[in-house]
Amino acid sequence: EDTEYEEWGFSGSVAYTPRPDGRGLNLELGSSWGDTQSGVKALWSRDTARGLARGAPMNAGQRFHADIGYGLEGRRGRSLWTPYVGAQAADAGGQALRLGVKLTSGAHAQAELEIGQRADARGRTEHALSLGGSVRF
C-alpha cells in the first residue's frame, strides 16, 4: 500500500438515441481528462509493464471520442442491424478509427464484427479485426 498513491479523472458524454428499441440514429460524443479511476483498462491494454512502477508519470491527456450508428430493423422485425463508425483522438497525438456492424436478435443474442486502425503519437499504426457475440439466458 502506498499512502501517496492517487488517481484522478474526469469524463463526460452526450448521447442521442431516439427510440428505446435502438432503431434510427444513435450518436455519442464525449471527452475525458486524466486517468480512469481504477487503471485496470490501462493495465490489460499494455504491451509491456513500463510505466506501472511507483512514481511513473500519470497520463493526464485529454481524449475525445465520437460514435455514430443507425439501427435498421431486420427481416420480419425480429432483429436489429446497426452499422456504425467511431473515432477517438488524444492530445498526445494518438488516434483510432473503427467501422463495424452489430446484429441484435431479440433481447438475448448479439453479434458484432468490427475493423479498426489505431495510431500512436509516434506514427506507429496497428490494424484490428474483431468478432464478438453474446447469448443471454
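The values are calculated or read from the model by the stated rules, or taken from the named source; none is laboratory data. The shown structure was predicted, so the numbers you read here are calculated from the model rather than taken from an experiment. Backbone-built Cβ (ideal geometry, glycine too); neighbour counts: all protein chains shown. Protein only, heavy atoms only, side chains kept; ligands, DNA and RNA dropped before computing areas. Shrake-Rupley method; radii C 1.70, N 1.55, O 1.52, S 1.80 Å.
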- Members of segment 64-104 that are under 17 Å from the mean Cα position of the chain (by Cα), open to solvent by less than 70 Å² (accessible area, probe 1.4 Å) and not small (Gly, Ala, Ser): His65, Asp67, Thr82, Pro83, Tyr84, Val85, Arg98, Val101, Lys102
- Message: Only one of Arg54, Arg46 is assigned to a loop (DSSP other than H, G, I, E, B), modelled with pLDDT under 80 and touching an Asp or Glu at 6+ places or on another chain (Cβ under 7 Å). Can you tell me which?
- Response: Arg54
- Could you check, for segment 125-136, whether at least one of its residues is of a type in the set (Lys, Arg) and either closer than 25 Å to Gly34 by Cα or touching a Ser or Thr at 6+ places or on another chain (Cβ under 8 Å) (or both)? no
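Return the total of residues in segment 66-81 being farther than 22 Å from Arg118 by Cα and either out of contact with any strand residue (DSSP E or B) (no Cβ under 7 Å at 6 or more places or on another chain) or not acidic (Asp, Glu) (or both).
11
Can you give me the number of residues within segment 92-137 that are among the hydroxyl-bearing types (Ser, Thr, Tyr) and assigned to a loop (DSSP other than H, G, I, E, B)?
To start, the set of residues in segment 92-137 that are among the hydroxyl-bearing types (Ser, Thr, Tyr) comprises 104-105, 125, 130, 134.
Now narrow it down to the ones that are assigned to a loop (DSSP other than H, G, I, E, B): none.
Residues in segment 92-137 being among the hydroxyl-bearing types (Ser, Thr, Tyr) and assigned to a loop (DSSP other than H, G, I, E, B): 0 in total.
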- Candidate set from segment 106-137 (those that are modelled with pLDDT under 90 and under 20 Å from Arg23 (Cβ atoms)); member that is surrounded by the fewest Cβ atoms within 10 Å (Cβ to Cβ): Ala107
